[in-house]
Number of protein chains: 4
Amino acid sequence: MNAILPKYSGLRELFSMIVVMERGATPDQIQHMVQRVESLGLKSHVIHGTERTVIAAIGEKRSETKEALASGPGVEDVVPILAPYKVASREVKKEPTQVVVGSLKVGAGAVGIIAGPCSVESEEQILKTAHAVKNAGATALRGGAFKPRTSPYSFQGMKEDGLKLLALAREQTGLAIVTEVMSTEDVELVARYADVLQVGARNMQNYRLLEAVGQARKPVLLKRGPSATMDELLLAAEYILNEGNPDVMLCERGIRTFEAHTRFTLPLASVPYLHHKTHLPIVVDPSHGTGHTYLVPDMAAASIAAGADGLILEVHPDPEQAMSDGYQSLNLPQFVETMAKCRAVAAALGRTI
Amino acid sequence: MNAILPKYSGLRELFSMIVVMERGATPDQIQHMVQRVESLGLKSHVIHGTERTVIAAIGEKRSETKEALASGPGVEDVVPILAPYKVASREVKKEPTQVVVGSLKVGAGAVGIIAGPCSVESEEQILKTAHAVKNAGATALRGGAFKPRTSPYSFQGMKEDGLKLLALAREQTGLAIVTEVMSTEDVELVARYADVLQVGARNMQNYRLLEAVGQARKPVLLKRGPSATMDELLLAAEYILNEGNPDVMLCERGIRTFEAHTRFTLPLASVPYLHHKTHLPIVVDPSHGTGHTYLVPDMAAASIAAGADGLILEVHPDPEQAMSDGYQSLNLPQFVETMAKCRAVAAALGRTI
Amino acid sequence: MNAILPKYSGLRELFSMIVVMERGATPDQIQHMVQRVESLGLKSHVIHGTERTVIAAIGEKRSETKEALASGPGVEDVVPILAPYKVASREVKKEPTQVVVGSLKVGAGAVGIIAGPCSVESEEQILKTAHAVKNAGATALRGGAFKPRTSPYSFQGMKEDGLKLLALAREQTGLAIVTEVMSTEDVELVARYADVLQVGARNMQNYRLLEAVGQARKPVLLKRGPSATMDELLLAAEYILNEGNPDVMLCERGIRTFEAHTRFTLPLASVPYLHHKTHLPIVVDPSHGTGHTYLVPDMAAASIAAGADGLILEVHPDPEQAMSDGYQSLNLPQFVETMAKCRAVAAALGRTI
Amino acid sequence: MNAILPKYSGLRELFSMIVVMERGATPDQIQHMVQRVESLGLKSHVIHGTERTVIAAIGEKRSETKEALASGPGVEDVVPILAPYKVASREVKKEPTQVVVGSLKVGAGAVGIIAGPCSVESEEQILKTAHAVKNAGATALRGGAFKPRTSPYSFQGMKEDGLKLLALAREQTGLAIVTEVMSTEDVELVARYADVLQVGARNMQNYRLLEAVGQARKPVLLKRGPSATMDELLLAAEYILNEGNPDVMLCERGIRTFEAHTRFTLPLASVPYLHHKTHLPIVVDPSHGTGHTYLVPDMAAASIAAGADGLILEVHPDPEQAMSDGYQSLNLPQFVETMAKCRAVAAALGRTI
């Protein structure tokens, strides 16, 4: 694990924005806005165009600046110029972050493969899966013990019994354990068994949970919410980083769009985009991202080609009998085939799985 | 408040689904799927079409049925026929639910108006707003004490001090208090001061929080997540209802789409749709739903015309100085004007605000 | 009809944009971009911030400016400040445009009601509908003669025979005729019979067709494409206006989002937004916007409350027998009831249908 | 080119659908719907569930069947079971279609690379690009002569002069020419010069144009509209196929979603999905699909890994001076590097570029 980060002082976030005045804005309105900008501790530059006036506001700001200016008199729009996140940014840390925990290494050239069932269901199921994915080349084991389910009537997971089975699987295989934590109350319990705390897509903006996993001394896999923008994802990471925890892996798992032939739409351009903006490693989840087993192998290979630092894949020894997500799980031979594809693509691009 | 609901038995959820076999599915595969359907305790009806075979599976099921069938051999698709929610459904309770708490009455013909600032900022601010919105016809006061913020560097709310100010405002004006609870740990504290517990859009699928507010004996305002489907919203309500709490108000506050000229897209057809599907009352939030003050009055009136049982509106005595969301807040004269519009539309349609 | 517009000179489009340099941009890169800005005939203002430099580019520009600057060395982003449309803009023409043709008056306080079947199917069907909607208060008759259909195997319309029946219906009822034109080849033919040429959502960016209807001397109803932004809609209108045709009505008919419980998502905030940006009148289509008959009456009333200058509604004497779109058509009693609702809301807000 | 297809008889489209009756549907309503189903020439199977009745309707149908049934009395929903396209379907033709024209071969194992500028701008520009992309391994040249532009004030292309320059480039390099046709009037002209007729995303549902290119004896590259579903894309292809033209290449070029950090969202799962559903080859456009040069190489490689049969890439010798789309164009060294990546990935997966 990387060293603990110092707490970032939000008061010094640097920012610029452009206040666009309406076409008929009066000199008084412009003067008023200049004073507002300066009262926020920013420098103002007034630019008189042929048709309208814009005020550039530059300096160190609190995050409310945009909101504070947008409702001023005669203001048409406020356009922010810089990204609102800081610690996650490439501008602050140029070299890529590598997260290493037990058998799992993700980022900075290392490609980690996290595989396992949606839910831990029984000792036999999880051990059989763990050995099989280990043999096929996985470097970590996933498995849900606490399950967030859309319906209150669905199977909610084996809870602590599931965590114990995951720990047993680690003992037998040496695989690092990745499992979801759904609530601040459970962080301590889950952290006792897991190597990586997963924050699920539904909880990406559960800020209390982000703070809690930020305080835990365990790496975090942060899944993108299905309607989260890149800025929102990076600001969610910032909540964790800002508690001193540097070991954050971002996970693209698909967004909600009008497409109905897949469970979600998997927008792989996130991978090179995020590599451009942040030093944090990027993992892709083609199982949730497509929702259909037959689409997973090709999209796993495509994720690697797009530059992913890791994959998280649902694998089940008998998907037809799975208690959740069977329709998007690979069986063991399919996982072996997927690994072969991914390994070939990674090698072709000079990386190793 | 309505009477406590008995816990619903998930084991008896009734459902039907259609298993569509692939075109070349073999008799063995069809036979296998028939057995699978029956092993799940469902009745099967095989229909041989000119080109392919479908199996209708009907009966009482566990929610995993679809998933259990979708990965079978030769299966092309599984199409569910009935909605997955139950207690929230019109089929279970025909007459509309009315939520009544203090000054606030929502549903079954009553239109409630919840107004106030995004954040509680000071005693002066909240009292001034409370008196003003009361005089203009609001029937409840909103105000955030715990604020979920996209950035960790933004103002996070006054917390318990804010709750105390809200209670003071209730004392002076008689207005019921609506305020957000962000975490299970805070439910007891917030419930001590508030009349209605608001679950924010980012927490719509924070199932632990839903269970916790379900156990609290307070009405809940449940906001739709920006990428939630109607089924997901109703299943989130079902988590609360299923804990015995019958006083759930659904809130449409806009969804995330490609539109960038508004903060969110406010899809008002949710209102008549939900009235068709559920007995729960529907509140609309045109402030978050549009994100621009100048769009709020027309969209408030449109919400009433669409059949909304209530509105929740951001109102601030001086939006330019607001610590959050000033750009979408009405000032006091704008709120008075909005109320006039809404009252006229409600009257025209035979309802009263 | 309004007077013919003079052709707008694209060369004098006024614009500003902000070129945001990367954090480590060199003085040479900045100097290079200043020269690029000036070589495009714009004035440049360089602003050196604490962390990065931005260049404001202001003046009269060709539309390629943004593209020309965005690929420069050291450039992180180019942020346009002004809207790209011109003739459609409120800045150019403050007073609202009213389109008047025969019995139909839309905009500037007048609310037009365009009603009729999806497709013209027979003399009996169209005459019966025309008389009924006229009696209930419609001010124009819609009906498709050329039908754009998703599948080549669907009914494609009665073509010229349909146009003749529409003309007959106008003769009998005095209602203005609104009908779709799908192709430049048909503009002359359709214009011979119709009072308003409708450009369908699928053709909103069929620029040849826009130019052709711009040259026809008939008012145009321009439907928003299901993934069109407001700027794209207004630029499509600009294609028509720029050919000299001032009589353009914009039509909001729903956008494509992840919502599946409605056929499209009807974002009524478009109505006040467009009223703010353009002088052109706004018509709403709640039939396509929802796709379900039972949602149409409430959403029609909501459209009026949001400020719509007109409605276009699918009405069929026997929706169950309709050759297209029966599931979203009002029958005659439902249309009467919808009109009553809309009339009440309009009256409450000081407008008349 | 493949052999001309016989015209498909729409009257024999095979289909099944499930009519779901409302919970309280009466025996009369059920009986009525059974008669409706049979009057449409379908066989009906009534299934009485514990809570509601569904009617399976199976047989050969006209496409209006769903619409005809959905507005019946007591009907809650109609669920179609089979896809609405036919000739494009894998069920009709199992082996993949390969399109071969001059130097370009796409599909059935062959990967075609179509590269060139957004717009043809000058003889020097197009010849320089053509030679360079040829040398780097491209198998066809793209270049717009007729340009669909969002704004009427943007550069609209060199028209026939551009086509002549493309023909000259073919003469010098032997590369097949791919260029867009925007209007039925231009089909003959463009077909005189081009090897492949491109139908742009904005025209994907311009049915007259689809019919016209279906009648032209040239292969067609059909781009997906930014809000088109897979069914809509395949039905658009069906318009072309149904005119007898078998040489259709589908092109995924990104969809419109809430994501704003890319121009469009490029959903690569379309590639394996379409390979599963249709025999037609799939080309990907990472230039429009991302809108940023720096994202193109990784997404090009990812497209190949996902199984694409071809790429279409914007390449310009001097993107900063391009008259359109410079910000998403590769320069010549970037194209060489992209080709190397793609070739390596293709080889790793047993295909050749």
Practice prompt. Go over the candidates C:Ser270, C:Ser287 one by one and state the one that is within 9 Å of chain B (Cβ to nearest Cβ), crowded, with 24+ Cβ neighbours inside 10 Å and under 19 Å from C:Lys223 (Cβ atoms).
Written response: C:Ser270
Practice prompt. Report, ordered by the first and then the second residue, all pairs with beta carbons closer than 9 Å, sequence separation of six or more or different chains, a first member in segment B:171-187 that is within 22 Å of B:Leu209 (Cα to Cα) and within 14 Å of chain A (Cβ to nearest Cβ), and a second member that is assigned to a loop (DSSP other than H, G, I, E, B) and of a type in the set (Phe, Trp, Tyr).
Written response: B:Glu180/B:Phe146; B:Val181/B:Phe146; B:Met182/B:Phe146; B:Ser183/B:Phe146; B:Asp186/B:Phe146
Worksheet entry | Subset tally (residues that are under 13 Å from the mean Cα position of the chain (by Cα) and either farther than 21 Å from C:Val106 by Cβ or more than 9 Å from chain D (Cβ to nearest Cβ) (or both)) for segment C:207-224 | 6
Worksheet item: Does A:Ser122 satisfy the criteria of being assigned by TED's automatic domain parsing to the domain that holds A:Phe146 and more than 27 Å from A:Arg351 (Cα to Cα)?
Response: yes
Discussion item. So D:Thr229 passes all but one of these: (1) within 22 Å of D:Arg90 (Cα to Cα); (2) at pLDDT 95 or above; (3) buried (at least 20 other Cβ atoms within 10 Å of the Cβ). Which condition number does it fail?
Written reply: (3)
Worksheet item: Considering segment B:325-349 alone, what residues qualify as being surrounded by fewer than 24 Cβ atoms within 10 Å (Cβ to Cβ) and among the polar types (S, T, N, Q)?
Response: B:Asn331, B:Gln334
Discussion item. On the basis of being more than 12 Å from chain B (Cβ to nearest Cβ) and either more than 17 Å from the chain's Cα centre (by Cα) or aliphatic (A, V, I, L, M) (or both), does C:Leu280 make the cut?
Written reply: yes
Worksheet item: Residues C:Ser287, C:Ser270, C:Ser303, C:Ser329: which one is touching a His at 6+ places or on another chain (Cβ under 6 Å), within 28 Å of A:Ala260 (Cβ to Cβ) and of a type in the set (S, T, N, Q)?
Response: C:Ser329
Worksheet item: Name the residues in segment A:196-206 that are more than 10 Å from chain B (Cβ to nearest Cβ) and over 10 Å from A:Asn245 (Cβ atoms), would you?
Response: A:Val196, A:Gln198, A:Val199
Practice prompt. Would you mind telling me which numbered condition in (1) at positive phi; (2) in contact with a strand residue (DSSP E or B) (Cβ under 6 Å, 6 or more places away or on another chain) A:Val196 fails?
Written response: (1)
Discussion item. I'm trying to understand the selection: among the residues of segment A:134-161, which are over 18 Å from A:Phe335 (Cβ atoms), more than 14 Å from chain B (Cβ to nearest Cβ), surrounded by 19 or more Cβ atoms within 10 Å (Cβ to Cβ) and out of contact with any Gly (no Cβ under 7 Å at 6 or more places or on another chain)?
Written reply: A:Met158
Discussion item. Residues to consider are A:His292, A:His275, A:His261, A:His279; find the one that is surrounded by fewer than 23 Cβ atoms within 10 Å (Cβ to Cβ), in the same structural domain as A:Asn206 (by TED's automatic domain parsing) and in contact with a Pro (Cβ under 7 Å, 6 or more places away or on another chain).
Written reply: A:His279
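Listed here are the residues, each with its yes/no results for (1) within 28 Å of B:Thr352 (Cβ to Cβ); (2) away from chain A (no Cβ under 14 Å); (3) aromatic (Phe, Trp, Tyr).
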residue	(1), (2), (3)
B:Ala237	yes, no, no
B:Phe258	no, no, yes
B:His276	yes, yes, no
B:Tyr294	yes, no, yes
Fill in: Count of segment C:211-238 residues which are of a type in the set (A, V, I, L, M) and either out of contact with any strand residue (DSSP E or B) (no Cβ under 7 Å at 6 or more places or on another chain) or outside the structural domain of C:His276 (by TED's automatic domain parsing) (or both)
4
Worksheet entry | Given (1) in a helix (DSSP H, G or I); (2) without any contact (Cβ under 8 Å) to a residue 12 or more places away in the chain, index of the condition D:Tyr153 fails | (1)
Discussion item. Going through C:Arg62, C:Arg90, C:Arg52 one at a time, which residue ends up being at pLDDT below 75 and away from chain D (no Cβ under 14 Å)?
Written reply: C:Arg52
Item to complete: Would you confirm whether any residue within segment D:306-318 is within 14 Å of chain C (Cβ to nearest Cβ), crowded, with 24+ Cβ neighbours inside 10 Å and closer than 30 Å to C:Gly254 by Cα?
Response: no
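The values are calculated or read from the model by the stated rules, or taken from the named source; none is laboratory data. None of these values were measured; they are calculated from a predicted model. Every residue, glycine as well, gets a Cβ built from its backbone with ideal geometry; the counts of neighbours run over all protein chains shown.
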